[in-house]
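Reviewing the structure listed below.
Rule-based calculations on the coordinates, nothing more; no lab input. Everything numeric here is computed off the predicted structure, so don't read it as measured data. Positions of Cβ are generated from backbone atoms using ideal geometry, with glycine treated the same way; all protein chains shown enter the neighbour counts.
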Amino acid sequence: MAVAKKTQEAAVGGEAPRAADFTREQELAAYREMLLIRRFEEKAGQMYGMGLIGGFCHLYIGQEAVVVGMQMALKEGDQVITGYRDHGHMLACQMDPKGVMAELTGRRGGYSKGKGGSMHMFSVEKKFYGGHGIVGAQVSLGTGLAFANKYRGNDHVCLTYFGDGAANQGQVYESFNMAELWKLPVIYVIENNRYAMGTSVARSSAQQDFSKRGASFNIPGEQIDGMDVRAVKAAGDKAVAWCREGNGPYILEMQTYRYRGHSMSDPAKYRTREEVEKVRSENDPIEQVRKRLLDKKWASEDELKAIDGEIRTIVNEAAEFATHDAEPDPSELYTDVLR
Amino acid sequence: MPIQVLMPALSPTMEKGNLAKWIKKEGDTVKSGDVIAEIETDKATMEVEAVDEGTLGKILVPEGTADVAVNTPIAVILNNGEDASAIAVDNSDAEEGQRVAESRAPVGEGKPELSAPAVVAAMLPEPQTQDDPEVVPGTEMVTMTVREALRDAMAEEMRRDESVFVMGEEVAEYQGAYKVTQGLLQEFGARRVVDTPITEHGFAGLGVGAAFAGLKPIVEFMTFNFAMQAIDQIINSAAKTLYMSGGQMGSSIVFRGPNGAAARVAAQHSQDYSAWYSHIPGLIVIAPYSAADAKGLLKAAIRNPNPVIFLENEILYGHAFPVPKLDDYVLPIGKAKVVRPGNNVTIVSFSIGMTYALKAAEELAKKHIMAEVIDLRTLRPLDSATVVESVKKTGRLVTVEEGWPQSGIGAELAARMMEEAFDYLDAPVVRVTGKNVPMPYAANLERLALPSVAEIVDAAKAVTYR
């Protein structure tokens, strides 16, 4: 046992980087980005309740620091791919909130002309490659995006996000093997929000330390406080540098939490209200930044309120657009099957 | 009594091989396990080991002999104490061996068209070029196997477009499990000819991801039976993403490999996926029969901006056909081909089904029933217009496929004839298909499970009321 443990430890990436302090500009940017996701998702939840959004709708509330911190570590041309809890990733990739919300309502102005919905949106321009509805599929796909970078000899990396649930899919390990074998520039960001739909990590995972899930492939990994955007950014910087230098893949387990149910139809009976409240009150990613901004007197209450107002305007305009934009023309039924 | 060493079958589909080299000489002592000779099959060079002990008494087939049929005696091993005079004319073992050969290779009654090269040559269609406007009359034809045609198609497209690459199990250093990628590693290097681990789901998804990023992968499945591990990525990721992205992002990718029954490999390795993939919007499905079509359509598939399922057939790999000698022979996708004209009954098939269909047409001609034989070539989009035109003339349709009957290609054609040619039908459409059972292993049962020429002849006679 001791030997096995040692091997695992050797395979992980050593000390997690400390959460480096942000500059005022970084704090404000992170605050704004996270708040946009939070308000956007709250609005999406509201519109779902009004019947404007149909089907499955998986909200990202609580996990905002993960995508925002990771995005801060990227450069132009790096790729992002994720599963179905994807609205936050799209907004962090600077996709237009109107286009995202209009896709949620199934309108012609949506990113997929209303044909993809919440789980299937893409922007080749913003290097966002979806939005995939099959749990774990994006892991092989993201590994392929990284393969293309290596094939072309550029220095771009692909952020491949998946959850603690997807981490138990077989193709994840098939991908890990190939990524390390071929030294592909892919960062596997495991968003551990503690529940795979209604099944807790403890009930589904023999190895609950997801940073070690690449150990048998010699992929380094780290556990990161995914509620602290500074820790995420620092880990992202380190992983991105590792990949750009041609060292192959890297695993980041982001310890995070989703406040809402798995989807809009999930009553979340598998956890207590107190558990949720504790995270919200003690560990909220947005509140952490807000407190630092105020403590350091980098922003006043009024200034933050003004940012709040701007964000609400953006979100309301997106909702307005998504409510009144036309549905796709019936002729669209038969387009885009082949090209 | 001297022991005859027979030409061994070294793969499920091997019917003959070349005796490349004798390692042991006449008079040498051999022990069980000694390598006595090297045999070249269509796939690889294999060593032949002695099973019995004794002295290599006589070499019956000299080295360098090509096309030695499986189970031909190639040498005689003498037991201790025997001398060469003991090599008598006792051929009973050889005859027994021959009977075994007939049952193990697909050369029995069910598939006589696949056995002797002479028979195959006789049934090959005249090169038809009327549907392929790229080929002007008088174009020089070269004879090549389907295997070579596929390899040439890939090599030509890789030379033409740097974003094309091949990946799969054993495609590079091993030179292809069925030698289809032979020589590609040497010409294009390991960056573009990529050996993968045995990880179908993973590398299919990786290929689709690379295609999302603008590369043009050719993903080889060692056989399509193994692609069931990967079918989620093929359908959910490759086929649907263009639609789900509102036309923004698709995948230009070819999934290719042998499909359907080979010979004696039983249920898990003998499935025909033609109908499965042809069901899916967002996919193009091609299943060629001849080497010319294999080449022209694989080149078209690689250039196509959509995901293409390219269904090959292991038994056809070694079959030779005339192929137009052209620098850039690309065929249109979605176009069936009238391979043999006739006016009494239309027989429609594709891939290896064409071997039965063409043989049946010859049998029928002897009975003065002139069958028009159509090779679908592409299964999705399905060129029903060509079939309808033929049925307008013949009033009868028999479909032929190795796949199962329910929801099969024949079922689809029957429905289309109801919709598009009902008034022209003079008899119900009849399907000749693989039987509704998992593929059995036993040679006689395997033959029964597959369609046969006799079934097609009977079907054609039934619909022509003869």
- Item | Using a Förster distance of 41 Å, the FRET efficiency for A:LYS291-A:GLU317 (Cβ separation, nearest 0.05) | 0.90
- Note on the structure: One point scatterer per Cα, no solvent, Debye formula: log10 I(q)/I(0) for chain B at q = 0.06, 0.12, 0.13 Å⁻¹ comes out as -0.29, -1.06, -1.20
- Would you please classify the overall shape of the stretch A:292-332 from the alpha carbon gyration tensor, given that a ≥ b ≥ c denote the square roots of the eigenvalues, rounded means a/c under 1.5, and beyond that prolate means a/b larger than b/c while oblate covers the rest? prolate
- Task: Measure nothing but the geometry: give the 0 to 90° angle between the long axis through the Cα atoms of B:92-104 and the longest principal axis through the Cα atoms of chain B, rounded to 10°.
- Result: 20
- Give the order of B:LYS216, B:LYS295, B:LYS24 when sorted by the count of other beta carbons within 10 angstrom, beginning with the fewest. B:LYS24, B:LYS216, B:LYS295
- Message: Could you tell me the center-to-center distance, by alpha carbons, between the stretch B:214-282 and the stretch A:81-95 in angstrom?
- Response: 28
- Query: In Å, what Rg and Dmax follow from the Cα atoms of the stretch B:141-324?
  - Reply: 15.2, 46
- Relative contact order (percent, whole number), the stretch B:145-290, Cα cutoff 8 Å, 6+ residue spacing: 20
- Message: About the Cα centre, and with charges only on the beta carbon of Lys, Arg (+1) and Asp, Glu (-1), how big is the dipole of chain A? Nearest 20 debye, please.
- Response: 560
- Message: How would the stretch A:245-302 be classified by its alpha-carbon gyration tensor: rounded, prolate or oblate, with rounded meaning a/c under 1.5 and the a/b versus b/c comparison settling the rest?
- Response: oblate
- Normalising by the residue count of chain B, find the relative contact order in percent from Cα pairs under 8 Å and 6+ residues apart. 13
- Message: For the protein assembly as shown, place one equal point scatterer on every Cα, skip the solvent, and apply the Debye formula. What is log10 of I(q)/I(0) at q = 0.05, 0.10, 0.11 Å⁻¹?
- Response: -0.35, -1.06, -1.18
- Task: Only helical DSSP H runs with n ≥ 4 go in: add -39500 (n - 2.57) per run for chain B, normalise by residue count and round the 222 nm mean residue ellipticity to 500 deg cm²/dmol.
- Result: -8500 deg cm²/dmol
- Hey, rough spin-label estimate for B:GLU419 and A:ARG273, points 7 angstrom out along Cα→Cβ, what's it come to in nanometres? 5.5
- Go through B:ASN444, A:MET178, B:THR241 and say which Cα lies farthest out towards the positive end of the charge dipole of the protein assembly as shown; charges sit on Cβ, +1 for Lys and Arg, -1 for Asp and Glu. B:THR241
- Determine the percent antiparallel among the DSSP beta bridges restricted to the stretch B:141-324, to the nearest 5. 20
- In degrees between 0 and 90, to the nearest 10, how far off the longest principal axis of chain B does helix B:291-303 point, with axes built from Cα atoms? 50
- Task: Working from Cα positions, state the angle (0 to 90°, nearest 10) between the long axis of helix B:353-366 and the longest principal axis of chain B.
- Result: 90
- Cα extents of the stretch A:162-260 along the three principal axes, largest first (Å): 38, 32, 17
- As a percent rounded to 5, the proportion of antiparallel DSSP bridges among beta bridges in the protein assembly as shown is 40
- Final fewest-first order of B:PHE221, A:PHE22 on the 10 Å Cβ neighbour count is A:PHE22, B:PHE221
- Sticking with the crude label model, points 7 Å out along Cα→Cβ, report the distance from A:LEU333 to B:ASN343 in nm, one decimal please. 4.2
- Cross-link pairs beyond the 19 Å C-alpha cut-off, checked among B:LYS25/B:LYS179; B:LYS179/B:LYS295; B:LYS21/B:LYS58; B:LYS16/B:LYS299; B:LYS43/B:LYS325; B:LYS299/B:LYS335: B:LYS25/B:LYS179; B:LYS16/B:LYS299; B:LYS43/B:LYS325
- Counting other C-beta atoms within 10 Å, which of B:LEU78, B:LEU326, B:LEU397 has the fewest, and how do the rest follow? B:LEU326, B:LEU78, B:LEU397
- Given charges at beta-carbon only (K, R positive; D, E negative), |dipole| of chain B in Debye: 1340
- Query: So what's the projected area for the stretch A:30-320, the Cα convex hull averaged over all directions, in nm²?
  - Reply: 14.5
- Find the percent of Cα-Cα distances in the stretch B:40-84 that exceed 18 Å, and round it to a whole number. 37
- In µm²/s, what is D for the stretch A:235-339 at 25 °C and 0.890 mPa s, where D = kT/(6 pi eta Rh) by Stokes-Einstein and Rh is the Kirkwood radius from Cα pairs? 127
- Message: So if I average 1/r over every pair of distinct C-alpha atoms in the stretch B:402-466 and take the inverse, what Kirkwood radius in Å does that give?
- Response: 13.1
- Query: Given a Förster radius of 45 Å and the C-beta distance between A:SER204 and A:SER300 as r, what FRET efficiency does 1/(1 + (r/R0)^6) yield to the nearest 0.05?
  - Reply: 0.50
- If you keep only loop residues by DSSP, which GluC sites (Glu not before Pro) in the stretch B:169-258 have at most 10 other Cβ atoms within 10 Å of their Cβ? B:GLU173
- Message: For the stretch A:123-172, take every pair of Cα atoms, bin their distances at 5 Å starting from 0, and report each bin as a whole percent.
- Response: 5, 20, 28, 23, 15, 9, 1
- Query: In peptide A:120-133, how many Cβ atoms from other protein chains are near each Cβ within 10 Å, on average?
  - Reply: 4
- Report Rg/Rh for the stretch B:263-363, rounded to two decimals, where Rg is the Cα radius of gyration and Rh the Kirkwood radius. 0.97
- Task: Find how many whole Å separate the alpha carbon centroid of the stretch B:13-53 from the alpha carbon centroid of the stretch A:157-172.
- Result: 49
- Of A:301-311, B:399-409, B:65-75, A:130-140, ordering from highest average Cβ density within 10 Å down gives A:130-140, B:399-409, B:65-75, A:301-311
- Message: What FRET efficiency comes out for A:ASP266 versus B:ALA267 if R0 is 35 angstrom and r is the Cβ-Cβ distance? Round to the nearest 0.05.
- Response: 0.25
- Which lysines, on any chain, are close to B:LYS367 with Cα under 16 Å apart, when same-chain ones fewer than 8 places away are left out? B:LYS359, B:LYS461
